[in-house]
Amino acid sequence: MSANVRAKSSTAAASATRQRVDKWLWAARFYKTRSLAVQAIEAGQVRAAGARIKPAHEVRIGERVSVRKGALTWEFEITALSDRRGGATDAARLYRETSQSVDARAEALRQRKAAPDAGARWSGRPTKRERRKLEDFLNEP
């Protein structure tokens, strides 16, 4: 067996047990593109074992990763690696979410639904009728 063939076979075996985290996040359908995954990783929204990582960080099966998107956080353990982006059922097989993470996300969603809308009370410019009512109110003695 030549040195090149041995090097390729060892590289193939190593790639079966390790994968870049940006590629894995894309395959697991956390982000639509690898470039969005890279941006999130560089912003510190993806952590492995509680520490910030780089996009080229190689994840392994059994590694704990947390992903924060907006106000929601997913904490999970990697159960499989994939080079290809498949359907949602295939992506769900790539990780196992912790029960604490599921409960925390459900509670955050419940609080968000229960909270009053913090947005603007009025959208856009007032109508003619609303403007007249406002002028009448402001001009009262």
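Computed from the coordinates by the stated procedures, all read-outs in this text should not be read as laboratory data. Owing to the predicted nature of the structure, the values given are computational and were not obtained by experimental measurement. Every residue, glycine as well, gets a Cβ built from its backbone with ideal geometry; the counts of neighbours run over all protein chains shown.
Filtering the range 86-106 down to residues that are closer than 14 Å to R68 by Cα and not acidic (D, E), which residue is surrounded by the fewest Cβ atoms within 10 Å (Cβ to Cβ)?
The residue in question is V102.
Flag: T73 matches the condition of being surrounded by 13 or more Cβ atoms within 10 Å (Cβ to Cβ), within 26 Å of K23 (Cβ to Cβ) and not aliphatic (A, V, I, L, M). Taking each residue of the range 84-104 that is free of Cβ contacts under 8 Å to residues at least 12 places away in the same chain and looking for partners that are part of a helix (DSSP H, G or I) with beta-carbon atoms closer than 9 Å, six or more apart or interchain, yields D90/A27.
In the range 107-114 there is at least one residue matching the filter, namely being basic (K, R) and without any contact (Cβ under 8 Å) to a residue 12 or more places away in the chain. Scanning the range 56-102 for residues that are part of a loop (DSSP other than H, G, I, E, B) and either of a type outside the set (V, I, T) or closer than 28 Å to K113 by Cα (or both) yields a count of 17. Please enumerate the residues belonging to the range 21-39 that are in contact (Cβ under 8 Å) with a residue 40 or more places away in the chain and outside any loop (DSSP other than H, G, I, E, B). V21, K23, W24, L25, W26, A27 - these are the residues of the range 21-39 that are in contact (Cβ under 8 Å) with a residue 40 or more places away in the chain and outside any loop (DSSP other than H, G, I, E, B).
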